[in-house]
Amino acid sequence: MTSTQAPKPQAPIVVQENPTLLQRVFSFHAMLIAGLALVAVLTVSTRFNDPDLWFHLKLGQVIWTTHSIPSTDIFSFTVYGQPWTAHEWLAELSIFAAYHAGGYTGLMFWLAGLTSILLGLSYFLCYRYCGNRLVSLLGALCVLFFGTVGLAIRPLLLGHIFLVLELILLTLGARNRRWLWALPPLFAVWVNCHGSYFFGMAVLFASFISSLVDGQWGLIVAERCDRNRQKQFGIVLLLSAAALCCNPVGFRLLWYPLDALLYQHTGLNAVEEWLPPDLRSVRALAMIAVVVLLLTTPLLRRAELRLLDLILVAMAFWLSLQHVRMLFLFGIVVSPLLCQALAPLVGEDRKSHHPIANAIVIIGLLTAAAWAFPAVGVLNEQAQKGNPSGAVAFIRQAGLTGPMLNEYVFGDYLIWAMPEEKVFIDGRADVFDWAGVFAEYGRWATLQEDPNVLLDKYHIRLCVLSSRSPLGRVMPYLGWRKAFSDATASVFVR
């Protein structure tokens, strides 16, 4: 097919409007974003108790109080003093700042607020691609659908907000190159918050390379930018790479994402979110369906597909096939392209301005969001559920001391709730993987070797295990006594 027979590539759509100030404040866009805020609150209201929360909170507290970033482990007795990289220190500082300002309520505001921002930015990104408000709403909900795989009080949320911002800046920069200068400051903050900056740099590099290519391969097309834009894009890319050095940790922070993927095999193979997704699960099936739709729609409509879009989808799809947690990233990358493909099927977006009606709906939606926001009592209940709070109270009351062997998923909570006692292991799979402790713990937890080997090596005096742990039935036969037990945890002593 020649270029005269196929329509031009579907570049992001820009819709020109000149509404009044009242129409801007109470626009249909604002009403839909308020609806997304309500959906965000309803979604995260039951997601307060993520196991990783407690470590992020504790490290943020350490940085807040000491005005320094730890470079070695200070929380465990098994790898105490080992070199360790606080690669999410700025995000963790923001988490503790929210807790310092409002306790559990402040933490929930952090989660609900950032989730609302993520969905609002995703809506804006999708609208830039398709120019249809209702289809853009669907795109934002698509981000939420895939994002629920990792939506919690974690630095990951900030990292994915920055990814959406990067895609928006690239889209805006396609028409006004001045927007591209915002990318280096974005990466300077991003690198200190989350390792997903590495994917962001890959997106920026792919965008730069595609700006140098001109050609057509069937329905796949690439259009070379003018020389001035190529030069500016190259400078922005170099400045963004240089901005990554604006971190107080140094090269170890830059190397961390690669180290995690290449060398932390024990941790990656043991932690569920780092395993490949079950291709029979709802999200995995939806991922495959979206990719098929994005690839077949241009064939059916005889429309062209931009080379850059194909590269980004391929990268996100490959990562999602490797790790469950990457489905969040996949949703962000494909949602605007999905909206672009669906918009012609839906039809033209009719423009209408009803600021008074919109204002009434917006107030109603925000009121509903405030009403749905969980109370402190509900948050306390979530914090206790699934955490060994009863075991911690018993250990303190009984005056028990370690060395303590704890369940892997309990480690982060014990660091926060019982800081006077060093843990055996916690959610930081990296430092325990490097030191070989993770492998030792894995053999112990799965009974691949005599449990006494580990217990004697580390002179364990106290065990805090899940009440559902198979080791709970084995410990009495090894000469240990169950001193406490509830629905969540059991405490064993020699």
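The values are calculated or read from the model by the stated rules, or taken from the named source; none is laboratory data. All values reported here derive from a predicted model rather than from experimental measurement. Note: ideal-geometry Cβ built from the backbone for every residue, glycine included; neighbour counts use all protein chains shown.
List of remarks:
- Residues of segment 73-100 that are hydrophobic (A, V, I, L, M, F, W, C) and not in a helix (DSSP H, G or I): Ile74, Phe75, Phe77, Val79, Trp84, Ala86.
- Test result for Arg283, within 21 Å of Ile332 (Cβ to Cβ) and basic (Lys, Arg): yes
- If the condition is being out of contact with any Leu (no Cβ under 7 Å at 6 or more places or on another chain) and without any contact (Cβ under 8 Å) to a residue 60 or more places away in the chain, then segment 84-96 contributes only Leu93.
- Once segment 114-170 is narrowed to residues that are among the polar types (S, T, N, Q) and not in a helix (DSSP H, G or I), the residue that is surrounded by the most Cβ atoms within 10 Å (Cβ to Cβ) is Asn132.
- Condition check for Arg301 on (1) crowded, with 17+ Cβ neighbours inside 10 Å; (2) farther than 30 Å from Ile69 by Cα: one failure, at (1).
- Within segment 255-270, residues that are more than 21 Å from Ala241 (Cα to Cα) sit with their Cβ atoms under 6 Å from residues that are of a type in the set (Asp, Glu) and in a helix (DSSP H, G or I), at 6+ positions apart or across chains, in these pairs: Gln264/Asp430; Gln264/Asp433; Thr266/Asp433; Gly267/Asp433.
- Hits in segment 250-266 (condition: within 18 Å of Pro70 (Cα to Cα) and surrounded by 18 or more Cβ atoms within 10 Å (Cβ to Cβ)): Leu253, Leu254, Tyr256
- Taking segment 406-429 as the range and being in contact with a Leu (Cβ under 7 Å, 6 or more places away or on another chain) and under 21 Å from Asn452 (Cβ atoms) as the test, the residues that pass are Asn406, Glu407, Val423, Phe424.
- Any hit, segment 406-413, residues being among the β-branched types (Val, Ile, Thr) and surrounded by 20 or more Cβ atoms within 10 Å (Cβ to Cβ): no
- Listed here are the helices (runs of 4 or more DSSP H) enclosed by segment 1-66 that have at least 3 residues being closer than 30 Å to His354 by Cα and modelled with pLDDT under 75: 21-25.
- Considering residues of segment 203-256 that are part of a helix (DSSP H, G or I) and of a type in the set (D, E, K, R) only, the residue modelled with the highest pLDDT: Lys231
- First in segment 384-411 and closer than 16 Å to Ala445 by Cβ and in contact (Cβ under 8 Å) with a residue 24 or more places away in the chain, second anywhere and crowded, with 23+ Cβ neighbours inside 10 Å and of a type in the set (Lys, Arg), Cβ under 9 Å, 6 or more apart: Gly411/Arg428
- The criterion of at least 2 residues that are under 34 Å from the mean Cα position of the chain (by Cα) and farther than 19 Å from Phe77 by Cα is met by the following helices (runs of 4 or more DSSP H) wholly inside segment 403-494: 471-474.
- Selection status of Leu327, outside any loop (DSSP other than H, G, I, E, B), assigned by TED's automatic domain parsing to the domain that holds Phe205 and touching a strand residue (DSSP E or B) at 6+ places or on another chain (Cβ under 8 Å): no
- Some residue of segment 449-460 being in contact with a Gly (Cβ under 6 Å, 6 or more places away or on another chain) and surrounded by 20 or more Cβ atoms within 10 Å (Cβ to Cβ): no
- Boolean, Leu285 is without any contact (Cβ under 8 Å) to a residue 40 or more places away in the chain and farther than 25 Å from Met201 by Cα: yes
- Condition met for Asn387 (polar (S, T, N, Q) and either assigned to a helix (DSSP H, G or I) or farther than 23 Å from Leu107 by Cβ (or both)): no
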